[in-house]
């Protein structure tokens, strides 16, 4: 009997060991399957991330030509001016000679319209086949356009900051690009352009400002989102310069054109409904202080600060029309003042 009990105990022990071993194996298998699935998912996500990084960082000579990177599909400046690319960053709407070019310029159209160096960078673009300056030469430095025709470009953090043009006909033109906005892939989609025109002959400087935008679509990437890029010191200086220029222009516009400064008079006889009448009038204009004094037959009819509205000068109840084309002041009824001095007094 004792022996039977021992055998039964051993049997139960073996059954328990077997059951525990099976449960442990099942748990290990489930755990291993879970780890394998997690590793596969991690590998899949890493592959997606690496593909996204590769698409974002895609650079080619054709993309760099237009200051672009990533898997750009289309970069549109306007409906008539745009560039398209394949998924490898190759320019797909590259300009071609048309049949008219080939007919009228058979010698000049033997070469492609776009020429590249051995690295694939565009070094010349032909725009017309029969013009004196029918092409633009492009120079490169560090994978970016450095020169193009008569322009030289300067960068900061891969963005063009200034464009300096060679002096032509006593005029120097400099463009400063600022207030950049980038899309989700880091390509600029909006920027302000400040144009500084220096006339060395007249020793004058004037400014103009415009905004440029680009609409960019991608093959597989998402370019949504906008990020503003802080301006550097040079950009801020250009913004301050045009602000000061515009403020000064407003002050100058209030004073009227420079040619009105001085002393004007009219001494003549005019015909009226009551017969002939002698006219003797003077206008004294000090443009710097924006002061005006007007007399008629020796009597002061206006004195004080004048204002400009349209093509007329107003001071109190007096108004004088300006003939902007001939740079003269009208007394009335086709009678004009004659300038007797360029100085106020």
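Every read-out reported here was derived from the displayed coordinates using simple, explicitly stated rules and does not represent laboratory data. Everything numeric here is computed off the predicted structure, so don't read it as measured data. When we count neighbours, we look across all protein chains shown, and the Cβ atoms used for this are built from the backbone with ideal geometry, even at glycine.
Points to keep in mind about this one:
- Within the set 74, 124, the sole residue that is part of a strand (DSSP E or B), within 25 Å of residue 216 (Cβ to Cβ) and in contact with a strand residue (DSSP E or B) (Cβ under 8 Å, 6 or more places away or on another chain) turns out to be 74.
- Scanning the stretch 290-341 for residues that are farther than 17 Å from residue 265 by Cβ and touching a helix residue (DSSP H, G or I) at 6+ places or on another chain (Cβ under 8 Å), we see that the one that is surrounded by the fewest Cβ atoms within 10 Å (Cβ to Cβ) is 307.
- Candidate set from the stretch 247-275 (those that are part of a helix (DSSP H, G or I), in contact (Cβ under 8 Å) with a residue 12 or more places away in the chain and surrounded by 12 or more Cβ atoms within 10 Å (Cβ to Cβ)); member that is farthest from the chain's Cα centre (by Cα): 260
- Verdict on residue 83 being touching a strand residue (DSSP E or B) at 6+ places or on another chain (Cβ under 9 Å), free of Cβ contacts under 8 Å to residues at least 24 places away in the same chain and in a strand (DSSP E or B): yes
- The single condition from (1) touching a residue at least 24 places away in the same chain (Cβ under 8 Å); (2) in a strand (DSSP E or B); (3) surrounded by fewer than 18 Cβ atoms within 10 Å (Cβ to Cβ) that residue 147 fails is (1).
- Pairs with Cβ under 6 Å, 6+ apart, first in the stretch 284-313 and touching a residue at least 12 places away in the same chain (Cβ under 8 Å), second surrounded by fewer than 14 Cβ atoms within 10 Å (Cβ to Cβ): 290/305; 297/280; 302/316; 311/324
- Cβ-Cβ contacts under 6 Å between residues 6 or more apart (or on different chains), taken from a first residue in the stretch 110-128 that is over 15 Å from residue 148 (Cβ atoms) to a second residue that is in a loop (DSSP other than H, G, I, E, B), are listed as 113/95; 113/96; 113/97; 128/134.
- Residue within the stretch 285-298 that is assigned to a helix (DSSP H, G or I), in contact with a strand residue (DSSP E or B) (Cβ under 8 Å, 6 or more places away or on another chain) and more than 24 Å from residue 326 (Cβ to Cβ) present: no
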